[in-house]
Every structure is written in structure tokens, then in C-alpha cells.
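Each remark here refers to the structure printed beneath this line.
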Amino acid sequence: MRLTSINPHGGETVAEHRHHDAAQISERLDKAHGAQLVWCRVAPAERAALLHRLAAALRRHADLLATTATLEMGKPITAARAEVEKCAVCCEWYAGRVDLLTPQPGPKTGDEIRLDPLGVLFAIMPWNFPYWQVVRVLAPALLVGNTVVLKHAENVSGCALALEGAVRDSDSMAGLFQVLLVSRDEAPSIIADPRIAAVTLTGSERAGAAVAAAAGAALKPVVLELGGSDPFIVWHDVDVAVVAKAAAQARCVNSGQSCIAAKRFLVHDRIYDAFLVAFSDAMRALTVSDPRATDTDVGPLVSVQARDALHAQVQATLDAGAVARLGCTNPGSPTAWYPPSIVTDIPDGSPMATEELFGPVAGVWRIHDIDDVIARANSTRYGLGSSVWTNDPAVAAQCANALHAGSVMINQPVASDPALPFGGVKASGVGRELGLAGLAAFANVKTVRGLLR
């Protein structure tokens, strides 16, 4: 069996990778387990030093890493390079938090609170940010003393192996990070393996439910970062042209294939018409081109199948009575292009009102007051991120308090930051990555009382 990567821009096969058999999987799990037993005894300062070396290795390998992502999943090359740099910054941020691994004193003499490692972490990751979604787990896991094995999406196996090579080049101990070239059907048996201590997944609701069930059956901790249908709220007091441009960029980040991309644009009635014109202009102004070109804003979707599935959602919404304002046409080409698109007058219950759309398609709603916007923003089963654009502190505060989301960004698009906890509520996930929460997520927060001094 082989795992195949297909270039969504040209349609040709990029590479085929030989599937790991049962013996190879077991060998890699043994190596990860053995390395963790040694790594957990390494001084935290030495673990931090490795993260600094890993940051340097990522920068040395940046061209290879970025080019591989562009070939395998169509990410525009400038965005791919920025993703690699963000990974390096994440490693450096966690390297600077080594003091957090010093046992913290409790309320009484002899009390301590410690962050002890759990063991081997099994990471199941998607294709859309093939490095960032791995490194944001890998960096805190290594710092706390865990090791990581990765099952990446099958179409970005080359990205997974390139990242494994960068870790190896950081002069790290063998076994700290290893790739398993396996299919999704093999994930449950790996989760159940006694050498695996905990599981993390970024992916769809369906995948999250399956992984949570498998981890629960094995009584293993799990963190899930799932889908989103993030609201982008535009109040009547903003500079329409500025916010419309930010809205186009927020919707089309990674060609619209991001859980935290803005997807539902909730615009105050007073400026709705002006915003719609400016937003349409901003979407038209995006450069849709070869992802290898440095000025490309929007590249192809990850596959023709993904493109066709996206268009099916759009068409079903239009059939329900919505209005196409821009794009919304399926090129029908053998490569995976889809135009930046805008839909309005979206009926409740239609796909664009209830589902996540993974591509450069924006739905725009007219809202009238703060109660209207809160109700509309919270009307889906998702709760990952949200973005509020206003100059009114009271409106910002009301939204921050009332929105059902893991993050609320005021006058800026939703973005993850190594220093801040990241995750969602409702169907958008369980648990948190990044920030200090990212250290505790896969640690045994151990209480010790009565130490002899």
C-alpha cells in the first residue's frame, strides 16, 4: 500500500510513500517509548536548548518545507514560508518558558505542584497547515518531557517526512518525534496501544468523535481542535473600506481552508450596502494564481473532490433561495480552483447557515442590533473563534462576554499565537493548545504535600 500526494495545481502525482507495516509501526512506537524514558530525565534547560536548535533547523529547512507544502496541498508559497517561520517562533516561545517546569510552591511548607510528562503523545493532524498544527503540539510536548508520534493526513506525507528531517537536523535525541505512514483506519489500534499515553487531533467533527471514542475506551486524555464557522461582526461605526479589505483576507487565508477563517459576515444594517460593495471589490482584488508565485493570495483547494464538495454546499444554499453576489461557479477543471465568492440572503437551515465551508466563500447577513448579532453569531453548533469590528467599547465588551467561542478578537482577524490558549467550545473541540494551557494539556499536574526539607 502507498500513500499518494497529488499536486492540486497541476494534477500530477507529487510522490508516493510506502505505507508502514505492523512491524515498522511497532518499531517506531518502541523507539518513541524508549526515548521518552530517557528524555523525561533530561534537565528542562536542556530540553529548552533543543527547542532553540529546532527553531534554527526549521529556518534552515524553510525552502524545502515551504515548497513541499505548496506542491502537496497548494498553499501559496509566501504563506507556506510564513507558516514555517511561525513554527520557529513557537519553538522559541516555549524554550523561553522553561521556568514553568520548576515545581511551584503550594499553600503549606512542603507542598509542590509539578508538571510531569505523560509519555508518548499520538498526534493526528490535517493537511491545511501541515507544519503549524504539528509544531504547536510538538514544542510544548517536548518541553514538558513527552515524545510525539505523528499520523499526518495521507496527502501531505512529504510534509510530515520533511518536518521529521528538520527535527533530526536539530541534533535531537533519536525517537523524540517520528512519523507513522498509516491510514486513518489504523488510528484506533494505535490509540489503544499501551505505549501511547495521550492523543491529540485537529480535524473534522466526525474524526474528532471517532478519536474521542477510541481514547475514551482506552481511558487516555485527548485534546480535539475541530471545525469552525467563525462570525466576523461588523458594527456601524467602522471604516468600511478598511474592514472590508480585512474581511477578504480573513475569509481567504490559506485559500479559505482554515478552521479559524472568517466564514459568516454579520454586518450592521446601517452600513450593509456599502460594506457589500467594498467587500466585493476586495475579494475581486485578490490575486488568484499559481501557488508558486510570491504574489498569489488564493491558490487551488486541496483537491478536485474538495472543490466539488464546496460547490455542492454553495449550490444547495442557492437552491434554497440565497443570492450569489460574486463567484459561486464551479470551473469544472481537472485542477482544484474555486473563485472567491460572496452569498447573501442565506436562509436559515441551508448549508451556509449551518455547516463549515472550507474554501473562499463568504456568507453575508444583515443584522440590526446587539441582540440580533449575538443570536446570529451563536446560532451554529460551532464555537472556535470570532472577530468583532467596532469602535464602541460597550459593543466590544458585550460581544466578548456573550459570544460562544474559544477566542474573541476585537478589530483583528482570528489568529493563533504561541502565547495564548487556543481551542473551541461546542462542536469546535475539547481542551486547549498553546500558551500555558499547552504545557498542562499533556502533563500530569501532580500535587505533592509534606515534602521533607
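The values are calculated or read from the model by the stated rules, or taken from the named source; none is laboratory data. Given the structure is predicted, the values throughout are model-derived calculations rather than measurements. A quick note on method: Cβ atoms are made from the backbone with ideal geometry, for glycine too, and the neighbour counts reach across all protein chains shown.
Cβ-Cβ below 7 Å, separation at least six or inter-chain, first residue in region 83-110 and closer than 20 Å to Leu420 by Cα and touching a residue at least 24 places away in the same chain (Cβ under 8 Å), second part of a loop (DSSP other than H, G, I, E, B) and of a type in the set (A, V, I, L, M): which pairs?
Trp93/Ala419
Would you please name the residue that is nearest to the chain's Cα centre (by Cα), looking only at residues in region 355-370 that are of a type outside the set (D, E, K, R) and closer than 19 Å to Ala306 by Cβ?
Taking region 355-370 first, the residues of a type outside the set (D, E, K, R) are 357-365, 367-368, 370.
Okay, now just the ones that are also closer than 19 Å to Ala306 by Cβ, so 357-363.
Working: Leu357: 15, Phe358: 13, Gly359: 15, Pro360: 17, Val361: 19, Ala362: 19, Gly363: 21 Å.
In this case the residue turns out to be Phe358.
Residue check: is Ala55 of a type outside the set (S, T, N, Q), closer than 30 Å to Val298 by Cβ and at pLDDT 95 or above?
On the way: of a type outside the set (S, T, N, Q): yes; closer than 30 Å to Val298 by Cβ: yes; at pLDDT 95 or above: yes.
Answer is yes for this residue.
Here is a list: Ala437, Ala405, Ala397, Ala377. Which entry is of a type in the set (A, V, I, L, M), without any contact (Cβ under 8 Å) to a residue 60 or more places away in the chain and assigned by TED's automatic domain parsing to the domain that holds Val243?
Every option except Ala397 fails the conditions.
Return yes when Ala322 is without any contact (Cβ under 8 Å) to a residue 60 or more places away in the chain, of a type in the set (Gly, Ala, Ser), within 30 Å of Ala375 (Cβ to Cβ) and surrounded by fewer than 21 Cβ atoms within 10 Å (Cβ to Cβ) and no when it is not.
No: the conditions fail for Ala322.
Within region 5-22, work out how many residues are within 16 Å of Glu186 (Cα to Cα) and surrounded by 12 or more Cβ atoms within 10 Å (Cβ to Cβ).
Qualifying residue count for the region: 3.
Among the residues of region 166-202, write down those that are more than 22 Å from the chain's Cα centre (by Cα), within 22 Å of Val84 (Cβ to Cβ) and small (Gly, Ala, Ser).
Ser170, Ser172
Could you list, in sequence order, all residues of region 92-143 that are hydroxyl-bearing (Ser, Thr, Tyr) and either touching a Phe, Trp or Tyr at 6+ places or on another chain (Cβ under 8 Å) or modelled with pLDDT under 95 (or both)? Talk me through it step by step, then tell me what you get.
To start, the set of residues in region 92-143 that are hydroxyl-bearing (Ser, Thr, Tyr) comprises 94, 102, 109, 131.
Residues satisfying the conditions are Thr102, Thr109.
Determine, yes or no, whether Glu205 is at pLDDT below 95 and either in the same structural domain as Ala353 (by TED's automatic domain parsing) or under 17 Å from the mean Cα position of the chain (by Cα) (or both).
Yes; evaluated as a whole, the condition is true for this residue.
Only one residue in Ala427, Ala397 is assigned to a helix (DSSP H, G or I) and either of a type in the set (Phe, Trp, Tyr) or touching a Ser or Thr at 6+ places or on another chain (Cβ under 9 Å) (or both). Which one?
Exactly one residue qualifies, and that residue is Ala427.
Please find, within region 400-424, the residue that is surrounded by the most Cβ atoms within 10 Å (Cβ to Cβ) out of those that are in a strand (DSSP E or B) and among the hydrophobic types (A, V, I, L, M, F, W, C). Don't jump to the end; show me each part of the working.
Initially, region 400-424 is screened for residues in a strand (DSSP E or B), giving 407-410, 422.
Filter once more, so that each one left must be among the hydrophobic types (A, V, I, L, M, F, W, C): 408-410, 422.
Working: Val408: 20, Met409: 20, Ile410: 16, Phe422: 23.
Looking at the filtered set, the residue picked out is Phe422.
With respect to the numbered conditions (1) within 24 Å of Arg47 (Cβ to Cβ); (2) touching a Phe, Trp or Tyr at 6+ places or on another chain (Cβ under 6 Å), which one is the sole condition not fulfilled by Met73?
Met73 satisfies every listed condition except (1).
For region 419-437, name all the residues that are in contact with a Pro (Cβ under 9 Å, 6 or more places away or on another chain) and under 17 Å from Cys259 (Cβ atoms).
Gly431, Arg432, Glu433, Leu434
Could you tell me which numbered condition Phe358 fails, if it satisfies all but one of (1) in a loop (DSSP other than H, G, I, E, B); (2) over 29 Å from Leu301 (Cβ atoms)?
In the conditions (1) in a loop (DSSP other than H, G, I, E, B); (2) over 29 Å from Leu301 (Cβ atoms), Phe358 misses (2) alone.
What pairs can you find where one residue is in region 245-259 and on the phi > 0 side of the Ramachandran plot, the other is among the hydroxyl-bearing types (Ser, Thr, Tyr), and their Cβ atoms are less than 9 Å apart, with a gap of 6+ or different chains?
Going by the 9 Å Cβ cut-off, the qualifying pairs are Ser255/Tyr338; Gly256/Tyr338.
Need a quick list: helices (runs of 4 or more DSSP H) entirely within region 234-353 having at least 1 residues that are within 25 Å of Thr13 (Cα to Cα) and of a type in the set (Val, Ile, Thr).
It comes to 304-319.
What are the pairs, 6+ residues apart or on separate chains, where a residue within region 32-50 that is under 16 Å from Leu100 (Cβ atoms) has its Cβ under 7 Å from a residue that is surrounded by 15 or more Cβ atoms within 10 Å (Cβ to Cβ) and aliphatic (A, V, I, L, M)?
Close Cβ pairs satisfying both conditions: Pro44/Val98; Pro44/Leu101; Ala45/Val98; Arg47/Leu142; Arg47/Leu143; Ala48/Ala95; Ala48/Val98; Ala48/Leu143.
Scan region 121-135 and report the pairs whose first residue is assigned by TED's automatic domain parsing to the domain that holds Arg195 and whose second residue is of a type in the set (Gly, Ala, Ser) and assigned to a strand (DSSP E or B), with Cβ atoms within less than 7 Å and a gap of 6+ or a chain change.
Listed by first residue and then by second, the contacts come to Leu121/Ala197; Leu121/Ala198; Val134/Ala123.
Residue check: is Thr390 over 25 Å from the mean Cα position of the chain (by Cα), surrounded by 15 or more Cβ atoms within 10 Å (Cβ to Cβ) and hydroxyl-bearing (Ser, Thr, Tyr)?
So Thr390 fits the description; yes.
Take the residues in region 158-172 that are hydrophobic (A, V, I, L, M, F, W, C) and in contact with a strand residue (DSSP E or B) (Cβ under 9 Å, 6 or more places away or on another chain), then tell me which one is surrounded by the most Cβ atoms within 10 Å (Cβ to Cβ).
Out of the qualifying residues, it is Cys159.
Kindly establish whether Thr344 is assigned by TED's automatic domain parsing to the domain that holds Ala241, among the polar types (S, T, N, Q), touching a helix residue (DSSP H, G or I) at 6+ places or on another chain (Cβ under 6 Å) and under 19 Å from Arg264 (Cβ atoms). If you could, list the steps in order and put the result at the bottom.
Values: assigned by TED's automatic domain parsing to the domain that holds Ala241: yes; among the polar types (S, T, N, Q): yes; touching a helix residue (DSSP H, G or I) at 6+ places or on another chain (Cβ under 6 Å): no; under 19 Å from Arg264 (Cβ atoms): yes.
No, not satisfied.
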